[in-house]
Every structure is written in structure tokens, then in C-alpha cells.
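What follows is a short report on a single structure.
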Amino acid sequence: MGYSVAGRRLNESPPEAFLRRDWVALLLICLLAVAIRASVMTLLPSILHPDEVEWLEQTNRLVNHQGLTPFWDFQLGARSWLWPGLLAVFMGLGELFGSPPSAGLAGVAVLLCIISLAPVICGFLWGRNIAGFPGAVITGLLNAVWFELVYFYAHPLSESFAGASLVTGLYLAYPGRGVPSERRMFIGAAMMGLAGVVRPQILPAVAVAIIAIGGIRKPAHYLALLGGLAVAIVLSGLLDWITWGWPFHATIMYVYYQSKVSSAAGLNPFYSYFGWEWVSWGLFGVVIVLSALYGALRLPVLLVVAATIFVIHSVVPHKEYRYISPALPLIVALAGVGSTMAADWLADRLGRPQVRRALMVAVPLIWTIASLTLAASPNRIWFWVRSRGSILAMRAVDADNKACGVGVYPGDMWWRADGYVNLRPGIPLYDAGDAATPIAPDAYDYVLSFQQRSKELGSPVDLPVDFASLGYQQVQCWTDPYDRAMLMERTCLWRRPGTCDSASAKPLTPDPGEAFEELTR
């Protein structure tokens, strides 16, 4: 495609100057992307993974001085304060215009929307550089509407931030047309280094990108690229020194404890990520893969980096779907460019202008319909409702002006609760125990109970305690699938009248437990 007359016609956009149509198209696509993500965050509250609650809890600690402290992540210093620090800036800005928690979370949502535009803008620019205005619109729009990117970028995960940094750095250093300046390469490498700082697991992919972009016998390129990478790494070490007392403390501790506890979190076969994507994409995955491979003829580095992320994570025994999310914007960008090139090739062979116009309308329409269909498929319904009960329950407590405390039952399920982030300051969380008689039931006027899923029973496991006999009334329950197995979990909110006597209560504290202590000895 890149060598045909059609290819030259597609690449009709000026190399540097944006035309008015480019600005208008990019603005409209960005507004659409923000509208979709903001709607998902507002109308479909969910918790993709407990890690996002842990990040928000540290953010809340910085801004509102209350929050749970995960045992090894932030008690032992195995996480950098970079991501929660950035979240705290926007949470604090939000609370300048209103009261917590709603105003602070609105500020966080603004940050997530801004970050989510990185794949959209970079996809638009890659598409424009390779396939002109049609490629810009199709690739930018695909990044805006693709359901997996909406899903991941609507949650405050470090993987999302790392993915945005990676795609931005790659575009700056590897725009797909022309040779970027050393200054751009320096900044691009620094952004890629930032991605590696936030997610050390993708550092091998960053190294591959640096080598591929630097080329052979181009010392000036390597000087700029390695300089930018070094700046990001050195600054991360300085941040750890300031926050944890030692340079690179978080990275060293993270690698150490990951090697200790990763296998205990569950083992998965090496092909898991490919299997999960097959479940996500279905037969349409054939279209995605072929389009991405065709796009890789013009943007091979994107494919190499994405493949490296898949391979490196596949050799690690413990796997989670979110781990490979930084590769998805690269695959989607390649698919957008490749499908535009394929449509133009077909139109060129048919030789009819009206066919070309029809194809350039049909391609983004097909991608959009596919995204909506896959997002609503049975295999992905759990995406949009996972753990929503925890969020909605805490919002209900926050709406009660007389609320004085919340007990989490059982207490060792603290990681499933939404924490303090959806509560106004001054409402404490307590450990309600795990036996038939909760600990100090008079210490809190609300209880959040969790009934875990059971494959054997085909329904949530019954609780050993009857909260009604203790004076609690059931406010509401939420029964939703927690994962792709579609096993149901039941989350209930209970309330009793009266005040709280917290003298004998046990504060909710993340407990590492004997298993973790045994693993780390």
C-alpha cells in the first residue's frame, strides 16, 4: 500500500501544518472520547481491580487525611508516590470548587479524561502521517470508541497512566513520517521512561523501542533517546528518596515482593493473554489482527513494542488482563491505519470515486458497531458492573447526614470495599469481624456485607450472621458478576437507627495475614 499511487494520494496531508479540517476533526473526536468516558464513569460506576481503590485511598490520604494503607504497597514502600501524587493534585483542585468526596472525585475524573486522550490524539496523528485525513479520522475515532480503551481509561489504574505515557513517547520519537528532532526524541524517551517507572514490567518494551527507534550507527539518536530515558529514571529515584528515604526504594521493593507474592495470587498458563483477547474480540479478532499487521507495514515499531509487552507478561506466572492494557492503544492504532490502507487499496482497485467515499464512511462505522457489540456481549457485561455495589453503598452512606460509621463484614474483605474515597471526611470504617457475632456492632450505624461467589453452590455463600437480629435493616443489595466466569457476588448495605459508640471498635486496617508473612520471610 505504501508504494502505490493510492498510498501517495492518502498521504496528501501537509507534513507539518494542520489544516482547518484536521483541527475540527481532532476536536470533535476528542470531545466524543471524553463524553463516552465521562458517561461510563458517571452512569456505570465499577471497580476494575482493587488496585484502583488502593491508589485512590493514598490520594485521599494526601488530600483529606484519611484512607486505608495497603500492607505491602504503601506500608512497606513498594509503590511510587508518582501516580497517587498526580491524582492528589487533581482531587485537590476539584475540592476547590466543592466539598469532598464528589468534588474531589470529579477532579480525578477530569485527569482520567485528559490521560485517555493520549491514545486518541496519537492515533489521529499516526493515521494522518501514514494515510492522510481519512487515516487520521478512522484511527483517532477507533481509539475514541474502542470498548477496551474506554474500559481501562475510565479507571485510575497505573497501567492506564503508563499506557498513555508510552503511546505519547512513542509518537514523539516515532511519528511514522520524517525524522523527528533530537529534542523530540529526548522528550519521547523521557515519556517512555515515565511509563517504565510507573509499570516496571514494561521496561523491556521501552528498551526495545529505544533500540528500534535509535537504529544502527546513529549515535546522535541514541544520545537523545538514552538521555531522555535516564532523566525519567533518575527523577523517579529522586522522588523515592524524598518520599521513602532511599533512591529507587519503590522499584527495588516492588520487584522483591512481586517475586515473593506473585505466584500466591494465582498461576495462569502462558497463553492466557491471547485467550483473554480471543474471548474479548471473538471472531472479529481476525479483522483486528489482520488490520494491525497491515498497518505494521508502515509502523513496525508499534507492533514490536506491543508484541514485547505480550511476551514479557506471558512468561510471568501470575497474569491479569489489565497488565497488557498499555499494548492495546498500539494495536488499535495499527488496526486503524491498516483498515484505512486496506479500504483505499480496495477503492483503488475498483476505480470508482463513490466506492472510495462509501468505504471511508463504512470503515469507521464498522469499527464502532463492532465495539458496541463486543462491549454488550455476555463475555463483557461484567466489565461495566464489577463491584458496583461497593461504590453505590458508600455513596448511600455519604448521603446520610447522620451517618457515623461503617462496619465492613467480613473484615478480611476490606479489599473489596470502596474505602474512604466515596465518604466525606469524618465517617470512619471498622472491621466488623467474620464470625456469627460482629465486633462491636454498636460502634457503627451502617454495615457493608460481602457474600462471596461459589462455583459449587451456583450462588453467593450465605453469611453466618443475621444482621436483622442485631437491629439492622437491609437498605439495598447488589448482585453482580465479578469476572468472566459470571459467578454472582452479593453486596448488601445495612442500617440501624441510633448513634455510634466507637470506644470498643476495631478500625478497618489492611491486614497482610499469615500467608503473606510466610511468603516474605
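The values are calculated or read from the model by the stated rules, or taken from the named source; none is laboratory data. All of these numbers come straight from a predicted model, not from anything done at the bench. Neighbour counts run over all protein chains shown; Cβ positions are idealised from the backbone, glycine included. SASA here: full protein model, heavy atoms, side chains in, ligands and nucleic acids out. Shrake-Rupley method; radii C 1.70, N 1.55, O 1.52, S 1.80 Å.
Annotations for the structure displayed:
- Solvent-accessible area of the stretch 244-366 (1.4 angstrom probe, protein heavy atoms only): carbon and sulfur portion equals 75 percent.
- Length gained when the stretch LEU31-ASP400 is fully extended (0.36 nm per residue, less Cα-Cα span): 129.3 nm
- Heavy-atom surface of the stretch 151-271, accessible at 1.4 Å and reported per residue (Å²): 45 Å²
- Shape class of the stretch 202-282 from the Cα gyration tensor (axes a ≥ b ≥ c, square roots of the eigenvalues): oblate, since a/c reaches 1.5 or more and a/b does not exceed b/c.
- Helix 300-314 axis, angle to the chain major axis (alpha carbon atoms, nearest 10°): 30 degrees
- For the chain: rounded, prolate or oblate by the Cα gyration tensor [a/c cutoff 1.5]: prolate
- Working from label points 7 Å from Cα in the Cα-to-Cβ sense, the TYR256 to THR509 distance is 2.2 nm.
- Peptide packing: for 334-347, 418-431, the average count of neighbouring Cβ atoms within 10 Å per residue gives the ranking 334-347, 418-431, highest mean first.
- Rolling a 1.4 Å probe over the protein heavy atoms of the stretch 449-498, with every protein chain left in place, gives an accessible area that is 48 percent carbon and sulfur.
- Amide H within-cut-off set for TYR482, under 5 Å, with H built and near neighbours excluded: LEU487, GLU489
- If you take the Cα centroid of the stretch 315-361 and the Cα centroid of the stretch 416-434, the two points sit 44 Å apart.
- Distance between modelled label sites at ASP483 and ASP466, nm, 7 Å Cα→Cβ extension: 3.4 nm
- Annotation for the stretch 73-126: chymotrypsin sites (Phe, Trp or Tyr not before Pro) lying in DSSP loop with at most 11 further Cβ atoms inside 10 Å of their Cβ are PHE97.
- Taking the C-alpha atoms only, the angle from helix 328-350 to the longest principal axis of the chain is near 40 degrees.
- Cα gyration tensor shape of the stretch 268-422, rounded if a/c is under 1.5, else prolate or oblate by comparing a/b with b/c: prolate
- Paramagnetic reach from THR373 (point 7 Å along Cα→Cβ, amide N under 15 Å) across the stretch 337-366: 362-366
- Between helix 20-43 and the chain: long-axis angle, C-alpha atoms, 0 to 90°, nearest 10: 20 degrees
- At a Cβ-Cβ separation cutoff of 4.7 angstrom, cysteine residues of the chain with no neighbouring cysteine are CYS30, CYS113, CYS122.
- Maximal additional length on extending the LEU44-TRP278 stretch stands at 81.8 nm, based on 0.36 nm per residue less the C-alpha distance.
- Taking all protein chains into account, the per residue accessible area for the stretch 389-495 stands at 42 Å² (1.4 Å probe).
- Dimensions in Å of the stretch 363-421 - Rg and Dmax from alpha carbons: 17.7, 55
- Around the amide H of TYR430, modelled in the peptide plane, lie the amide H atoms of VAL406, GLY407, VAL408, LEU508, all under 5 Å away and 5 or more residues distant in sequence or on another chain.
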